[in-house]
Amino acid sequence: MHIDSTCVKEFPVNITTAPHILPIYATSSFCFENIDQGIEIFNNIESGNTYSRYSNPTVDAVAQKIAMLEAHGSDLQADAIMTSSGMSAISTLVMGVLRAGDAILTQENLYGGTTELFRGLFEPLGITTIFMDLGNLQAVEDAFRKNPNIRLLYFETPSNPTLACLPIRELAAIAARFEALSCIDNTFATPYLQQPLLLGVDLSIHSTTKFLNGHGNSIAGAIVAKDKNLLRKKIWNAMKLVGTNCSPFEAWLTHNGLKTLAVRMERHCYNAQTIADHLENHPKVAQVNYPGLTTHPDHTIARAQMSQYGAMLSFELKGGFDAGVAFMNKLRFCTLAPTLGDTDTLVLHPASSSHLRVAPEVRLRNGISDGLIRLSVGIENVQDIIADLENAF
Ligand SMILES: *Cc1c(COP(=O)(O)O)cnc(C)c1O
């Protein structure tokens, strides 16, 4: 034993009992026993870690848990990698599976960053994006037939800000018929409420920043795949070369959050449904958008593919823009923040914040009216949330 070595295996410490809590492997590289082992690991003959941009035990443990959640209750052997953010999960995926000349078919009401990524970054690189109403299955099929360059069908359900839902099984089947990949952003629902891979989707991506971590203290993402080969060869290769790997500390925080995913989601859903019911016939509210309401236009679609309806809802104040601003300023208990998925209730008035600089006609086309308020309902006592909303009305 060389106690002057910097390799942890050589330290004179007693590691005969395993830690109960996943350790954070804060190391950039891993040591080889000898050069032969190094060669075997680099050539994938022997499994092992070499460098944390390629793989890291903390990050991989959390990725495997997310893969197991997506496949829970089935025989599917899903595989996953974690990335540095939800956005890098999306960009890594596109860089891994598409080439210049390929096209993406998607919807208009995507997460804002995703639209900007597709338009502003991939379009100039020769990967074009076609935006259309993916709820029109005949039109989706026609688009595939007309344009053989469409190699990726990318969608979100439920989506911002009206919680519109798309039929997962049907969309995945169309993509498969045209031998294109399908990918869903499953951030809003989480695998606890919706398991798209079991409905035929090839890839499920997450901003784990939101509900999977749930505590608002980390930024990370995940890519979950049905096809281990596609993930390990193409997508992992893009992650390794672009350097979009997740930090072990962020993965560890996500791991802590995952332990309470089920209890948090149960409470999120109960609270959101209670608030949606409360607001539905409220004199100050023109409309409530929550897939758990039987009056929501996509309630039937949501019921067919979700076990419950999630924490996200939005509603339309009768007084328009001014009513929206006044409402936001009167909130005391809920937090004004441009994120979602935390244990605390988070409120957003898109017209005066995230979408202030978006042209009114574009806002309206995507359902973002001047009096629209978006809630990411937390896990507090629901009566406290309702009391705060009532006070602000
Ligand atoms: C937040 C979010 C993203 C981006 O995730 P980051 O972790 O912030 O990079 C992507 N999709 C959806 C639906 C989101 O809510």
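About the Cα centre of the range 95-154, what is the dipole size in debye to 20, counting +1 per Lys and Arg Cβ and -1 per Asp and Glu Cβ, all else neutral?
On the way: 5 positive and 7 negative charges, 45 e Å.
For the range 95-154, the charge dipole is close to 220 debye.
Whole number in Å², please: accessible area per residue of the range 109-159, 1.4 Å probe, ligands, DNA and RNA not counted. Before the final figure, lay out each step's value.
Values: 2380 Å² over 51 residues.
Accessible surface, normalised per residue, equals 47 Å².
Counting only C-alpha contacts under 8 Å and six or more residues apart, can you give the relative contact order of the chain as a whole percent?
Values: 732 pairs, mean separation 62.4, N = 393.
Once divided by the residue count of the chain, the mean separation gives 16 percent.
Which is farthest toward the positive dipole end of the range 329-393 among VAL382, PRO350, ASN329, measuring Cα position about the Cα centre, with Cβ charges +1 (Lys, Arg) and -1 (Asp, Glu)?
Sorting the options by dipole projection puts first PRO350.
Using 0.36 nm per residue, how much length does the chain from ILE130 to ALA359 gain when fully extended, once their Cα-Cα distance is taken away? Walk me through the numbers before you get to the answer.
Working: separation 229, 0.36 × 229 = 82.44 nm, distance 2.07 nm.
Extending this stretch completely gives an extra 80.4 nm.
Sort MET328, MET95 from largest to smallest accessible area, using a 1.4 Å probe on the heavy atoms of the protein chains.
Details: MET328 20, MET95 70 Å².
My answer, sorted largest first, is MET95, MET328.
What residue among ALA143, ALA18, ALA272 shows peak mean-square fluctuation when the chain is described by a Gaussian network model with Cα springs under 10 Å?
ALA18
Any idea of HIS282's accessible area? Nearest 10 Å², probe 1.4 Å.
Accessible area, nearest 10 Å²: 20 Å².
Over the alpha-carbon set of the range 312-393, divide Rg by the Kirkwood Rh and report the Rg/Rh ratio to two decimals.
Numbers: Rg = 12.4 Å, Rh = 12.8 Å.
Expressed as Rg/Rh, it is 0.96.
Taking the Cα atoms of the range 12-150, what is the range of coordinates along each of the three principal axes, in descending order and whole Å?
The Cα atoms of the range 12-150 stretch 65, 36, 28 Å along the principal axes, largest first.
With each pseudo-label sitting 7 Å past Cα toward Cβ, what's the ARG332-ASN381 distance in nm, one decimal?
Result: 1.5 nm between the two label points.
Let me check against my output: what whole-number percent is the relative contact order of the range 245-360, with C-alpha pairs under 8 Å and at least 6 apart? Working shown, then result.
Values: 101 pairs, mean separation 21.1, N = 116.
Worked out over the range 245-360, it gives 18 percent.
Once the convex hull of the C-alpha atoms of the chain is built, how many Å³ does it hold per residue, rounded to a whole number? Don't skip to the answer; put the middle values down first.
Working: hull volume 63.8 nm³, N = 393.
Residue-normalised Cα hull volume stands at 162 Å³.
For the range 171-272, run through the trypsin sites (Lys or Arg not before Pro) and keep only the ones in DSSP coil with at most 16 other Cβ atoms within 10 Å of their Cβ.
Numbers: sites: ARG177, LYS210, LYS226, LYS228, ARG232, LYS233, LYS234, LYS240, LYS259, ARG264, ARG267; in loops: LYS210, LYS226, LYS259.
Here the trypsin sites (Lys or Arg not before Pro) that fit, given the DSSP loop and packing criteria, are LYS259.
As a test question: what accessible area, to the nearest 10 Å², does ASP298 have when a 1.4 Å probe is rolled over all protein chains in place?
The accessible area comes out at roughly 30 Å².
Compare VAL242, VAL358 by solvent-accessible area with a 1.4 Å probe and give them largest first, with all protein chains kept in place.
Working: VAL242 75, VAL358 50 Å².
My answer, sorted largest first, is VAL242, VAL358.
What is the distance in Å between the Cα centres of the range 104-127 and the range 283-354?
Here the two parts' Cα centres lie 25 Å apart.
Of GLY221, LEU110, ILE21, which is farthest on the positive side of the dipole of the chain, counting Cα position, with +1 on Lys and Arg Cβ, -1 on Asp and Glu Cβ, and the Cα centre as origin?
Ranked along the dipole, the leading option is LEU110.
Rounded to the nearest 500, what is the 222 nm mean residue ellipticity of the chain from helices alone, with -39500 (n - 2.57) per DSSP H run of 4+ residues and division by all residues? Intermediate values should be presented prior to the final figure.
Numbers: 14 runs with 137 residues, N = 393.
The per-residue figure over the chain is -10000 deg cm²/dmol.
I want the local charge near VAL140. Using Cβ-Cβ distances under 12 Å, sum +1 for each Lys or Arg and -1 for each Asp or Glu among the other residues.
For residues surrounding VAL140, the net value is -1.
Highest first, please rank the peptides 360-370, 345-355 by the mean number of other Cβ atoms sitting within 10 Å of their residues. Provide the component values of the computation, followed by the final result.
Values: 360-370: 16.0, 345-355: 20.4.
Peptide ranking by packing, descending: 345-355, 360-370.
Taking springs between alpha-carbon atoms closer than 10 angstrom, which of PRO196, PRO283, PRO248 fluctuates most in the Gaussian network model of the chain?
Among PRO196, PRO283, PRO248, the largest GNM mean-square fluctuation belongs to PRO283.
Average projected area of the Cα convex hull of the range 145-296, in nm²? Write out the running numbers ahead of the final one.
Details: hull surface 46.2 nm².
Value for the range 145-296: 11.5 nm².
Which residue, chosen from PHE211, ALA180, LEU231, occupies the Cα position most advanced towards the positive end of the dipole of the range 163-282, where the dipole is computed from +1 (Lys, Arg) and -1 (Asp, Glu) charges on Cβ about the Cα centre?
After comparing all options, I get LEU231.
Could you tell me which of the pairs LYS146/LYS240; LYS65/LYS330; LYS146/LYS210; LYS226/LYS259; LYS259/LYS330; LYS228/LYS259 are separated by over 32 angstrom between their Cα atoms in the structure shown? If you can, show how the numbers build up before the last one.
Working: LYS146/LYS240 35 Å; LYS65/LYS330 41 Å; LYS146/LYS210 37 Å; LYS226/LYS259 23 Å; LYS259/LYS330 34 Å; LYS228/LYS259 25 Å.
From LYS146/LYS240; LYS65/LYS330; LYS146/LYS210; LYS226/LYS259; LYS259/LYS330; LYS228/LYS259, over 32 Å: LYS146/LYS240; LYS65/LYS330; LYS146/LYS210; LYS259/LYS330.
The values are calculated or read from the model by the stated rules, or taken from the named source; none is laboratory data. Since this is a predicted model, take the numbers as computed values, not measurements. When we count neighbours, we look across all protein chains shown, and the Cβ atoms used for this are built from the backbone with ideal geometry, even at glycine. Calculation scope for accessible area: heavy atoms of the full protein, side chains included, ligands and nucleic acids excluded. Shrake-Rupley method; radii C 1.70, N 1.55, O 1.52, S 1.80 Å.
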